[in-house]
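Worksheet: one structure, shown below.
The values are calculated or read from the model by the stated rules, or taken from the named source; none is laboratory data. As the structure is a prediction and not an experimental result, all values here were calculated from the model. Reconstructed Cβ throughout: ideal geometry from the backbone, glycine too, with neighbour counts over all protein chains shown.
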Amino acid sequence: MRNLLLLEDPSNPAKRYYTYVKNMAALVSHRTKHNGKTYVCNSCLHPFQKQETLDRHIPFCVKHDAQQVVYPNADDENDCTLQFKSVQKQHPVPFYIGADFESFLSPIDRAETDDSSGLTIIDEHVMSGFCTYRVTHHAEHQTPAFVYSGPDPMTKFYDHVMQEAREISRIVRGYVDMIPLTEQQAYDYERVEIVVVFLQRTTNATITTTT
Ligand SMILES: [Zn+2]
């Protein structure tokens, strides 16, 4: 098999020609810090340090179509600029719960081999306990971490989280309406709203507010 590289002239797309790639590793080697010889996958162009690693990779890689790297158009601002659009995620949430689970490895009764990966599964993770922590900026509603270790931890976890949900809903419902805005604040708020809506409709840009 011979690899060919297609060269194109961006200023004249009709002008293109193939050139023979004598040493694929040399062509793509600059992408890794590794100095020695590399073994390149012809399908995804990933360089490997060992022939055996490449040989193991190929059966998985050929299941997918050959890959081509396409870079954003540097002349098109919309194409080459990353934009933050999730404005709602800029607002802090009043409560959230962080959770961490503990588990141990337990041998399964009969080892199974997964046909697609060739891996033999001999152990499974068995959950043994968890810890949850309520995070809120309302200091009066901050509670200590909840730790559980014992039988049926998953049921215990759901029970605990549902209990937290009910408790937090009760707290949130209990907050009274905010104090009415002053005339100046109402005016500023209206202006911000207009800027936000205008920006969203016209540019999809990151929202900057001016008052
Ligand atoms: Zn590959």
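At a glance:
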| item | result |
| --- | --- |
| Filter result for Ala99 (away from the ligand (no atom under 16 Å from the Cβ) and over 22 Å from the mean Cα position of the chain (by Cα)) | no |
| Residues of segment 26-81 classified as at positive phi and of a type outside the set (A, V, I, L, M), total | 0 |
| Residue match in segment 47-66 (condition: in contact with a helix residue (DSSP H, G or I) (Cβ under 6 Å, 6 or more places away or on another chain) and either in the same structural domain as Ser117 (by TED's automatic domain parsing) or surrounded by 14 or more Cβ atoms within 10 Å (Cβ to Cβ) (or both)) | yes |
| Failed item in (1) in a strand (DSSP E or B); (2) surrounded by 10 or more Cβ atoms within 10 Å (Cβ to Cβ), with Gly118 passing the rest | (1) |
| Some residue of segment 96-108 being of a type in the set (Gly, Ala, Ser) and either surrounded by fewer than 12 Cβ atoms within 10 Å (Cβ to Cβ) or in contact with a helix residue (DSSP H, G or I) (Cβ under 6 Å, 6 or more places away or on another chain) (or both) | yes |
| Residue ID - nearest to Gly98 (Cα to Cα), chosen from residues in segment 157-194 that are assigned to a helix (DSSP H, G or I) and acidic (Asp, Glu) | Glu164 |
| Segment 1-12 residues that are among the charged types (D, E, K, R), paired with ones that are outside any loop (DSSP other than H, G, I, E, B) (beta carbon under 8 Å, 6 or more apart) | Arg2/Tyr20; Arg2/Val21; Glu8/Lys15; Glu8/Arg16; Asp9/Lys15; Asp9/Arg16 |
| Cβ-Cβ under 7 Å pairs, at least 6 apart or on other chains, segment 81-110 side among the small types (Gly, Ala, Ser), far side in a loop (DSSP other than H, G, I, E, B) | none |
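Quick grid of which residues meet (1) farther than 26 Å from Pro92 by Cβ; (2) in the same structural domain as Phe104 (by TED's automatic domain parsing); (3) surrounded by 14 or more Cβ atoms within 10 Å (Cβ to Cβ):
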site	(1), (2), (3)
His125	yes, yes, no
Val135	no, yes, no
His141	no, yes, yes
Ala145	no, yes, no
Val161	no, yes, yes
Ala165	no, yes, no
Arg170	no, yes, no
Pro180	no, no, no
